[in-house]
Each structure stands twice: as structure tokens, then as C-alpha cells.
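K.L.:
Dropping a structure here in C-alpha cells format, bear with me for questions.
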Amino acid sequence: MKPLLLIFLISGAAAVRAQSAREAAPIDLTGNWVSIVTEDWRWRMTTPLKGDAASIPYKPEARKVIDAWDPAKDDAAGLQCKAYGAPAVMRIPGRLRISWQDESTLKIELDQGRQTRLFHFGAKPFQMPAASWQGYSAARWEAPASPQGNGLPVGISPRFGAHSRSLEVSTTDLREGYLRRNGVPYSDKATVTEYYDLFQEPGGDTWFTVTTVVTDPVYLYTPFVTTTDFRKEPDGSIFSPAPCSTR
Amino acid sequence: MIRRGGFFASLAAIAMSLTPAHAQVDFSGAWAPLFHEDLPERIPGPELGDYMGIPLNDAARLRADSYDADRISVVSEYQCRPHGGDYSMRGLSNMRIDAVIDPVTQQLVAWHTRMGFQEMERTIWLDDRQHPGPLAPHTWQGFSTARWDGNMMNVYTTHLKENYMRRNGLPRSDRATFTEHWIRHGNYLTVVTVITDPVFLTEPLERSQSWVLDPGQRMGRDICEYNQEVPKPRPDYVPSHMPDTNPFLKEVAEWYGLASGVLRGGAETMYPEYRQKIGKPEQPKEKCDRYCNCGAADNPTCLVAPRSSR
Amino acid sequence: MSILLKTVWAGLALVACLTAQQPDFDKVDMQVQHVKGGVYMMTGAGGNTAVQVGNDGVLIVDTQFAPLAQKLMTEIRKLNRGPVLFIVNTHFHPDHVGGNAALAQMIGAARGPGRSDGDAPLKIVANENVLNRLTQKVPNQPPFPDAGLPVDEYFTPFKDLHMNGEAVFLYHEPKAHTDGDSVVLFRGSDVVVTGDIFTPGGYPFLDVEHGGTVQGEIAALDHILELTVPAKTQEGGTYVIPGHGRICDEADVVEFRDMVVIIRDRIQDMVKRDMTLDQIKAARPTRDYDTEYMGPGSFVKADQFVEAIYKSLTQKSK
């Protein structure tokens, strides 16, 4: 009896291990998406006035940088993409194409700034790439919360939340950039945690919301949390790649 | 003994792998709203004439253009009016969420929310009950039922009283319904709200907002009593602007250096391609001088007056 | 055309309009909702009926259409088997008084020859202008049945009675929806019945030809707001049974009153600028309220509402 039991357990465990990130995906984020801008409108749809950092929980150190913003200088220095880094790029009104680059890499192509983000499932590389606008994004299908943080059950009662439908992404190794197009800064010590959640509306529309948590010990006194919403489109016919712009 | 222990360990392993995936998340606790988006609108308040990003129709536009903010003091019945169930999730005050547990089955049957502002209370039923019929009274918070989809709670609310989409006169009718999608990630709660209003919207209005768990918060009472504070010029006086006469509708464009056309809102203003249509501001401006440091360390709740009000 | 003839034609048009709203009565379901205390609302076709029940028996406010009388009585008897002592009419329109005679006859028949003389007779109560309107001769229309006439009329600003353990007030609201409107307050149950002064989801029908005016309508709505007291967070408390539509409370009446005042103000402004009625209609002063107030159940169109307000205002200024 015992040998059969062990064979069953081993084969079951082997079957679980064989699933790729793509196969294990509890939600399907692939497709074409458009950002719907109903919040932070004038900070996203237009370039806000110099010095306007409303809603951002910035430290006094950031104010000097905010007031010194000079788009012409950024242009001259080839820093047009400073506002298109991972902490901010999802806030820029535009369209996305999401697809699987391979079984363990989810790719997001953004038409604004012609940016590409790669979400890597699995172990991080031994040598991390150099800091970049998009940094390195480590992804996983979010596990249920556990007091011990290791996903194992604690205590003798059954547990909630065994079926998460969220994508969790942690991004590091960022170049310093702007949280907004008008020069509200984040430093190269900033990290980003994102949660992608998919839902359907009764009318048939499919949406996802990304909750973005930017932590920056240099410029933010508390994590900066935004939620950005995208609606699925039938195709990518309106996907309109445009270069980065300082304005 | 070792063999017996190994056998029981195997049983435990099987039990773990076969545990049904209960699709519930605990939302209970004290939550503080995060105002990292639209802080000036959500705390000091939206400015007159600002309909940017709202998919409103002409009827809503005229209603909002006619709105006179005196109405909420002169019409004393409005003084203590709370937010609707949809708007209350935009924050403005802290929230406490309690689980309502059936004492016999110990199953969760509802979530009960309470906001500090105007002591707004709401029940979200999870027991598959029916919504009331069309003749039942409407309430500010409406009637809400919900279902789980994995770790997301999807809520549907009907039976709302007439209220507003923004506190600058943008109306929301009593025929509106709204859905919500609640997700908790660690100590963050995200609530997505989608309002469908056949009277005032051409498309659903979707907004999302976040809360952070705040166990140290203390929610007291907020008891409102209304009173006639401003004498009315006549008994049947209701403040409003005649159509096309409201002088305040373009202030926002001047304050923020915007083209005045963007203020009029409409569904097209929600889409990225609208950026190509935004004209030049009638009164260009270079530097911010209003609400510039809202949310900063020295002005976290934006209660300090703008640097210049005009 | 003489004023008398105009009134007669207006009466014919009104009857035609209201009877055109009548559904197939066989298919009408009488819906019953408990409102508060001893008061229920019954909705079938025509206006809402309010029913107060208790140890004394039954008081009915408004009786819908005659063919629904049996359905109405069946539902009432599920709530209370005591005597029907009062029928109160909020105004004279057929969708609110149509069942008077049929109910009275049912009640009279139930009393029968074997009943003791101790039974109190049914009283049908309304403002005297309701009786006056119902007894007016209208050409080609049969006279209103005697059995349904509100012969226990009142002509004072208000009337009170005590029924089922609570005070019941009838307030005359002059020149509001009509010239004979009554608002009924059940003081203990904390419920107000408004008749067609308040019709959430539909513009009010200002029956100018029968004494209705916008000024009186607004004054009546203001009075309703004086009678209502909300509970916590400005909802609940005093419940309001409207002439048509769902159970409401003070906040719903405020929105409705504000709508009437704002549209009145707009039209008043246009009258002051010497605009004609056609010009005012073309300006569409109700356009931001139309979708909300011309719902599936309402029958007053925007132009009718505008015209009624215009007539009220210009009649006053003459």
C-alpha cells in the first residue's frame, strides 16, 4: 500500500512541476488593451505645469528636483524617455499588446514611447542586467497570504485564498526617472511592485487593473500607490507607436 | 515508529494537495484611503466645470453647468446628505469593514462597511439573496450583493438614490447601477467601481481606488444636524444658474493652463487618441501655483490652502 | 371659445388621456409592499393605493380603476378582515377615484341584511373640490356613480381623524396638481401619501384646467418636506407614498421639488424676456431632466409640463 501511495504522490508532484508559467496562468492577460483615463486626467492626458506634484507623497528633497525640471535639457541629453520607466509608464495614456514571449516570459509592448516590458517567471539571472528604464521584472502568480510567508498552512483550520487570480511583478534595477512627465523624480533606488487583476463586466467588456506600488527611499516618504485601468480591444488596429517625448 | 510517522506525513501531504480552493479573502479591518490619485479633487473638492475624463452626455453637462454650490447649504435637506455607495469608495474618510458571520454555519454571509464621514454604512450580501423589486425604496448606499471569483469579490449594487459622480454638480441618477471588484494584496485593498447610468452617461464610468490597512485608526462619530443658516430670499428658492450663464466654468482652464474645451468631458476624453485633439490653452501658463504640493510630506492631506487661489 | 366650453373640452381630453393609459386589467397584478407601521402600498394600474390596517379596520387612500376593485379588496382582506371605514381621495382623477363605487358596493354588499346596525358606515372623504369636479356634468360621459362620491368632504385647510391607534391628517394643498389635492399624514406610522403632487420618475401633471398651478405645486412639495423627517444620514424616517412610483422618503421629494423649482425659474426667466410659449418650448428648458422624468411609466411629456408652467405663470401675471 505504502509504495503505491508514494508512487502516486511522486507522480502528482512531478505533474505539478511540469507546468510552465504560461500553462499555470489563472488569468489570460494576453491581447490588445487601451488605457481608459478617468482619473488623474490633467496629469496624464496633458503635461502638467512645472512644479505640479499634487497627489504624490514626495519628500522635501524631491521639491528641488521638481522645480528644476527642464524638458529642453532632457531633450539635449537624450533623456526623452525619462518619464517612461516602469514606475510610470503604465500611467501614460496609450495602448498595450500583451503576449507570451516564451513559456516563462510575459511581454508587454506599449505604443507610447515604444517601450517593452518583460515579466520573467522563475529564478533571476545570475548576473542582473544594467539599470534601465524598465529594469528587471520578476513575476509570479500571486500566492495566498500566509503568516509565515512561505505558503504553507499554519494551524489546523482550513485556509482561505488558495485560488489567486493575480499576477505579481517586482521590478528593480531601474535608472532614475520621472513619476510624471513634468519631472517629479524617482531615484535609481526605487523599486516597483505591481499586481495585475483581470475582471469582466456584465456588459461583456474585459478589463484589467494594475495596482502599482513605487517605493523610493530617496524621494518618497511612503510608497506611492496608483491603480491604472485598461479595457480589452478586439484587435491592435489602433496600436500607434510613438517615440518618447519630454512634453 | 518511523514507518508510522512517514505514513501519516504522506496522508498530510495528500490532504494538502486536495484541499479545496476556497475562494475567499479577508477584507475585515480598519482601512485608510490612499489619495495618490486626484487628491485635490477628492479632498478639497472638484472644481466647478471640471468634467474631464467623464463619459457624460449633454443632459449631465447642462445639469452640472447649472449647479450652484450654494444649494447644499441653502437647501437645508442637502447639508447632511452623505455620498452614494459608488462615490463613497472614492475615499474622503476612513473605512471599517466587518465580517457578518452566520452564527449557526459560521459562514460569511455579508461584509458590513462603515465610513467615518456621515457614518455611511453599507452591507454587501454574499448569500445569493435577491435584490428588492422596483417599488422598494432607494437608499444612498443602494442594495449590494456579491460573488467571489478566485481572490476577487465582484459586487453589484442597485436601488441607489440620486446623487453625484463628482461633488461639483455632476449628477448620477437613481436609475444607475454599479459593479465593483474588490481585491486585496497584502495590506492594500483595491476597489474598482464601474457605474452604468442610462440617464447621464454614454459609457460606463470606471474608476479605481486603493486603501491601506490601518489597524491604529480610531473612527469616532460624525453626527450631522441640519439647520437653516442662510436666509432664503424667498421660501421656494433653490440656487441654480440659468443655462449658459454660469461664470465659473472656465476657471479650471485658467488655473492649470488647459484648453477650455477639455473641461467639457465626454467619452472621447477618456481615450489616448484624444491627446491629439487637445488644443492650445487660451491662457498659457508655465508654472503651477495651485495645489502644487498636495500630498507632499508637508501637506499630506492637502488641507493647506493653495499657494494662490486666483 | 367660452371658459365653460374650454373646461369641458379639457375635461374630455383629460379623461381620454387617462383612460388611454389603462392596461388590460385582467393581466394586472396587484403588488403589495409594507411601508411602515400599519401602512401598506398597493400598486396595480393607475395611481398608488395606500392602505392602513389595524384593530379598527381599514382606511384606503385612492382606489385606482373600477375593474381592479376586486383585486384590491382581495389583497386588503389578506391584511385585515375588519370593516373598511374610510376611503380617502387625494384628488379627482379617474385613476385615483375609479374604484370608489365598486369598493363601496362590495363593502355594502358584505354588510348585507344580516349585519347589525352597530357597523359604522363607509365614509368617502376628500377636499370639497373633488366632490365638485366629480359632480360636474361632462357631455358624452356618464355621471360619476353616487356610491363612490366623496360626500364626507372637507373645506377647511386640514381635517384630522383617529384610526387604528394613530392620528391621520388630511391637508388640503390648494391649486397644486389640481384644486382639490389632499396630502395624507399617518402620524404614528410616519408615512405621507401625496397623490399626484409627487410622482418620482415623471414630471408632475399640472392640471391647469382644473385649478393646478406650478406655484401651488411647489408650495405643496414644500409642505410635504415640512411633514417628513428623515432618520440617520438623511434617509428613511418618514416614508412617502407618491401618486405613482416607488416608496420614497424626504431626499427623493427634495430632488423632485428642486427639479420643479429650477424648471419654473428657467421658464420664468424666459417669460421675463418676453419669449413666447413656442419659443420657450423650442429652447427646451427641461432637456437635462427629460431622460429622468419621462420614464416608461410617466405620461407627462416635456412640452406639456412646460406649457402648464407657462400657463400658471402667465395667468398669475395677468
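The values are calculated or read from the model by the stated rules, or taken from the named source; none is laboratory data. Predicted model, so just to flag it, every value in this text is computed and none were measured. Here Cβ is always computed from backbone atoms with ideal geometry, including for glycine, and neighbour counts include all displayed protein chains.
K.L.:
Scan the stretch B:249-276 residue by residue and report those that are assigned to a loop (DSSP other than H, G, I, E, B), modelled with pLDDT of 95 or more and not aliphatic (A, V, I, L, M).
P.N.:
The answer is B:G257, B:G265, B:G266, B:Y271.
K.L.:
Anything in the stretch A:115-146 that is more than 16 Å from the chain's Cα centre (by Cα) and over 18 Å from A:A24 (Cα atoms)? List them, or say none.
P.N.:
Residues satisfying the conditions are A:K124, A:P125, A:F126, A:Q127, A:M128, A:P129, A:A130, A:A131, A:A145, A:S146.
K.L.:
Every residue in the stretch A:56-96 that is in a loop (DSSP other than H, G, I, E, B), within 24 Å of the chain's Cα centre (by Cα) and within 13 Å of chain B (Cβ to nearest Cβ), please.
P.N.:
Matches in the stretch A:56-96: A:I56, A:P57, A:K59, A:M90, A:R91, A:I92, A:P93, A:G94.
K.L.:
What's the number of the only condition in (1) in a helix (DSSP H, G or I); (2) surrounded by 21 or more Cβ atoms within 10 Å (Cβ to Cβ) that C:E307 fails to meet?
P.N.:
(2)
K.L.:
Show the residue pairs that are 6+ apart or on different chains and have beta-carbon atoms under 6 Å apart, the first residue being within the stretch C:230-242 and more than 28 Å from C:D95 (Cα to Cα), the second being among the aromatic types (F, W, Y).
P.N.:
Between residues of the stretch C:230-242 that are more than 28 Å from C:D95 (Cα to Cα) and residues that are among the aromatic types (F, W, Y), the close pairs are C:E235/B:W140.
K.L.:
Which residue is farthest from the other protein chains (Cβ to nearest Cβ), if the candidates are limited to the stretch C:281-292 and must be part of a helix (DSSP H, G or I) and touching a helix residue (DSSP H, G or I) at 6+ places or on another chain (Cβ under 7 Å)?
P.N.:
Filtering first and then ranking leaves C:K281.
K.L.:
Still on this structure: Taking the stretch C:125-179 as the region of interest, how many residues are among the basic types (K, R) and farther than 20 Å from C:D207 by Cβ?
P.N.:
Within the stretch C:125-179, residues that are among the basic types (K, R) and farther than 20 Å from C:D207 by Cβ number 1.
K.L.:
Further, regarding this structure: Looking at the stretch A:37-76, which of the residues that are touching a strand residue (DSSP E or B) at 6+ places or on another chain (Cβ under 8 Å) and aromatic (F, W, Y) is farthest from B:G45 (Cα to Cα)?
P.N.:
Ranking the qualifying residues of the stretch A:37-76, first place goes to A:W69.
K.L.:
Right, another one. Going by the structure shown, is C:T228 under 19 Å from B:V75 (Cα atoms), surrounded by 22 or more Cβ atoms within 10 Å (Cβ to Cβ), among the polar types (S, T, N, Q) and modelled with pLDDT of 95 or more?
P.N.:
Against the criterion (under 19 Å from B:V75 (Cα atoms), surrounded by 22 or more Cβ atoms within 10 Å (Cβ to Cβ), among the polar types (S, T, N, Q) and modelled with pLDDT of 95 or more), C:T228 qualifies.
K.L.:
Here's a follow-up. Exactly one condition in (1) within 19 Å of C:H177 (Cα to Cα); (2) more than 7 Å from chain B (Cβ to nearest Cβ); (3) surrounded by fewer than 22 Cβ atoms within 10 Å (Cβ to Cβ) is false for C:D258; which is it?
P.N.:
Only one criterion is unmet by C:D258, namely (2).
K.L.:
Return the pair list, or none, for Cβ contacts closer than 8 Å from residues in the stretch A:120-135 that are in contact (Cβ under 8 Å) with a residue 12 or more places away in the chain and closer than 17 Å to A:L167 by Cα to residues that are among the acidic types (D, E) and part of a loop (DSSP other than H, G, I, E, B), at least 6 apart or on different chains.
P.N.:
That search, which allows pairs on different chains as well, returns nothing.
K.L.:
Checking B:D98 against (1) more than 13 Å from chain C (Cβ to nearest Cβ); (2) part of a loop (DSSP other than H, G, I, E, B); (3) over 29 Å from C:P285 (Cα atoms), which single condition isn't satisfied?
P.N.:
(2)
K.L.:
Within the stretch A:48-55, does at least one residue satisfy the condition of being part of a helix (DSSP H, G or I) and either farther than 16 Å from A:P243 by Cα or within 7 Å of chain B (Cβ to nearest Cβ) (or both)?
P.N.:
Within the stretch A:48-55, none of the residues are part of a helix (DSSP H, G or I) and either farther than 16 Å from A:P243 by Cα or within 7 Å of chain B (Cβ to nearest Cβ) (or both).
K.L.:
Next question, about the same structure. Scan the stretch C:288-318 for residues that are over 20 Å from the mean Cα position of the chain (by Cα) and free of Cβ contacts under 8 Å to residues at least 12 places away in the same chain and jot them down.
P.N.:
C:D288, C:T291, C:K318
K.L.:
Confirm whether B:A110 is within 12 Å of chain A (Cβ to nearest Cβ) and modelled with pLDDT of 95 or more.
P.N.:
Answer is no for this residue.
K.L.:
If we keep just the residues of the stretch B:282-303 that are touching a helix residue (DSSP H, G or I) at 6+ places or on another chain (Cβ under 7 Å) and more than 9 Å from chain A (Cβ to nearest Cβ), which is farthest from B:L62 (Cα to Cα)?
P.N.:
That would be B:Q283.
K.L.:
Can you name every one of the helices (runs of 4 or more DSSP H) wholly within the stretch B:36-77 that holds 3 or more residues which are under 17 Å from the mean Cα position of the chain (by Cα) and in contact (Cβ under 8 Å) with a residue 24 or more places away in the chain?
P.N.:
Fully inside the stretch B:36-77 and qualifying: B:39-42.
K.L.:
Among the strands (runs of 3 or more DSSP E) lying completely within the stretch C:29-89, list those that include at least 1 residues that are aromatic (F, W, Y).
P.N.:
The qualifying strands (runs of 3 or more DSSP E) are C:39-43, C:84-88.
K.L.:
Quick one: is B:W111 surrounded by fewer than 19 Cβ atoms within 10 Å (Cβ to Cβ) and under 18 Å from B:H181 (Cβ atoms)?
P.N.:
Taking the combined requirement at face value, the residue does not satisfy it.
K.L.:
Looking at the stretch C:130-214, what strands (runs of 3 or more DSSP E) fall wholly within it and have at least 1 residues that are without any contact (Cβ under 8 Å) to a residue 40 or more places away in the chain and under 20 Å from C:Q52 (Cα atoms)?
P.N.:
Per the criteria, C:158-163, C:166-173.
K.L.:
To continue, here is another question. Between B:L170, B:L135, B:L92, B:L160, which is modelled with pLDDT of 95 or more, closer than 20 Å to B:I43 by Cα and not basic (K, R)?
P.N.:
Among B:L170, B:L135, B:L92, B:L160, only B:L170 is modelled with pLDDT of 95 or more, closer than 20 Å to B:I43 by Cα and not basic (K, R).
K.L.:
Residue check, B:E268 against (1) more than 29 Å from B:P204 (Cα to Cα); (2) surrounded by fewer than 16 Cβ atoms within 10 Å (Cβ to Cβ), all met but one. Which one?
P.N.:
Exception for B:E268: condition (1).
K.L.:
Condition check: touching a residue at least 24 places away in the same chain (Cβ under 8 Å) and at negative phi. Does B:L108 satisfy that?
P.N.:
Against the criterion (touching a residue at least 24 places away in the same chain (Cβ under 8 Å) and at negative phi), B:L108 qualifies.
K.L.:
Kindly list the number of the only condition in (1) within 10 Å of chain A (Cβ to nearest Cβ); (2) modelled with pLDDT under 95 that fails for B:M52.
P.N.:
Of (1) within 10 Å of chain A (Cβ to nearest Cβ); (2) modelled with pLDDT under 95, only one is false for B:M52: (2).
Rundown of residues vs (1) among the charged types (D, E, K, R); (2) in contact with a strand residue (DSSP E or B) (Cβ under 6 Å, 6 or more places away or on another chain), yes/no style:
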residue	(1), (2)
B:M95	no, yes
B:D98	yes, yes
B:G116	no, no
B:M120	no, no
B:I124	no, yes
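K.L.:
Right, here's the next one. Does B:W211 fit the bill of being among the aromatic types (F, W, Y), within 14 Å of chain A (Cβ to nearest Cβ) and not in a helix (DSSP H, G or I)?
P.N.:
yes
K.L.:
Suppose the filter is over 30 Å from C:A219 (Cβ atoms) and in a loop (DSSP other than H, G, I, E, B); does B:E203 pass it?
P.N.:
For B:E203, the condition - over 30 Å from C:A219 (Cβ atoms) and in a loop (DSSP other than H, G, I, E, B) - is met.
K.L.:
While we're here: So, of the residues in the stretch B:214-227 that are within 14 Å of another protein chain (Cβ to nearest Cβ) and surrounded by fewer than 14 Cβ atoms within 10 Å (Cβ to Cβ), which turns out to be nearest to C:E226 (Cα to Cα)?
P.N.:
The extreme case among them is B:N227.
K.L.:
Same structure, new question: Just to verify a result, which residue in the stretch C:266-280, among those that are among the charged types (D, E, K, R) and surrounded by fewer than 19 Cβ atoms within 10 Å (Cβ to Cβ), is farthest from the other protein chains (Cβ to nearest Cβ)?
P.N.:
Going through the qualifying residues, I end up with C:D278.
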